1. Sort out which residues of region 146-167 are surrounded by 14 or more Cβ atoms within 10 Å (Cβ to Cβ), part of a helix (DSSP H, G or I) and within 16 Å of the chain's Cα centre (by Cα), and write them in order of number.
2. From the list Glu74, Glu86, Glu64, pick out the single residue that is at negative phi, loosely packed, with under 15 Cβ neighbours inside 10 Å and in a strand (DSSP E or B).
3. For Tyr124, only one of the following conditions fails: (1) modelled with pLDDT under 95; (2) surrounded by fewer than 22 Cβ atoms within 10 Å (Cβ to Cβ). What is its number?
4. If you take the residues of region 116-136 that are of a type in the set (A, V, I, L, M) and part of a loop (DSSP other than H, G, I, E, B), which of them is farthest from Leu72 (Cα to Cα)?
5. I need the full set of residues from region 33-79 which are under 16 Å from the mean Cα position of the chain (by Cα) and of a type in the set (Val, Ile, Thr), in order please.
6. Residues Glu131, Glu140: which one is surrounded by fewer than 17 Cβ atoms within 10 Å (Cβ to Cβ), within 15 Å of Thr62 (Cα to Cα) and in contact with a Ser or Thr (Cβ under 9 Å, 6 or more places away or on another chain)?
7. Restricting region 173-190 to residues that are surrounded by fewer than 17 Cβ atoms within 10 Å (Cβ to Cβ) and in a loop (DSSP other than H, G, I, E, B), which is modelled with the lowest pLDDT?
8. Quick check on region 98-108. Is at least one of its residues within 18 Å of Tyr31 (Cα to Cα) and out of contact with any Leu (no Cβ under 7 Å at 6 or more places or on another chain)?
Amino acid sequence: MSHNTIALNQRQQPLDHLESVWLFGYGSLIYKADFPYLQRRPACIWGWQRRFWQGSHDHRGTPEAPGRVATLIEAPGKRCVGMAYEVTPDVFSHLDHREKNGYLRFFTELQWLDEADSVQGLVYVAGPDNEAYLGPASEEEIARHIARSEGPSGPNSEYLLNLANSLRELETDDAHVFAIERALLTEKSG
């Protein structure tokens with residue numbers, strides 16, 4: 001599958017008939033909401049884990065030297081904490097462009113962190129079948145990769161550090177993200 005998924009998302013998930021849609025963010029969408037939203041709430045999804053296995057040719061790297069950004073992998077029984085936004089469907093023209101580098105969107109159940117209720121919402125996931133997928137590596141290898149990557153949206157390390165800080169603000173422990181952060185800080189100080 002091509003890493004540019006704009007047309008595919010718009011064809012597979014037409015949203016024009018909806019008044020509003022919940023969107024779950026687990027990477028930069030947690031801390032960088034550069035789109036209008038009706039409300040936002042801390043939430044989680046079950047059965048998924050955040051991993052720095054997706055390449056970024058357009059934001060935190062280049063086509064010649066992609067950075068590494070978060071995607072989700074299936075993990076039964078695990079939960080991924082992030083931020084949910086209620087948005088109007090017109091916002092997805094911007095979001096589909098922002099998340100075009102291999103991410104497909106689909107509906108899943110979002111559970112609020114502050115109450116037991118849940119709602120259906122969209123999430124963008126970049127699977128192993130897209131051209132930009134980099135796959136697993138050790139946290140130390142990922143940190144070294146991130147330390148040397150930069151793209152139009154800035155240094156890849158900025159993305160990682162902002163995500164780690166946002167997860168702390170949500171009072172969630174993400175062992176993968178925090179291990180990469182520790183390795184990156186060691187790499188930068190050495």
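1. Ile146, Asn156, Ser157, Glu158, Tyr159, Leu160, Leu161, Asn162, Leu163, Ala164, Ser166, Leu167
2. Residue meeting the stated conditions: Glu74.
3. (2)
4. Our first condition is that a residue be of a type in the set (A, V, I, L, M); within region 116-136, this holds for 116, 119, 122-123, 125-126, 132, 134.
Now restrict to residues that are part of a loop (DSSP other than H, G, I, E, B): 116, 126, 132, 134.
Values: Ala116: 23, Ala126: 7, Ala132: 14, Leu134: 13 Å.
Here the residue is Ala116.
5. Ile45, Val69, Thr71, Ile73 - these are the residues of region 33-79 that are under 16 Å from the mean Cα position of the chain (by Cα) and of a type in the set (Val, Ile, Thr).
6. Numbers: Glu140 fails: within 15 Å of Thr62 (Cα to Cα).
After ruling out the rest, the residue left standing is Glu131.
7. Step by step, filter region 173-190, then rank; the result is Gly190.
8. Yes - at least one qualifying residue is present in region 98-108.
The values are calculated or read from the model by the stated rules, or taken from the named source; none is laboratory data. Being a predicted model, the structure only gives us computed values, none of them experimental. Counting neighbours? That spans all protein chains shown, and the Cβs are built from the backbone with ideal geometry, glycine included.
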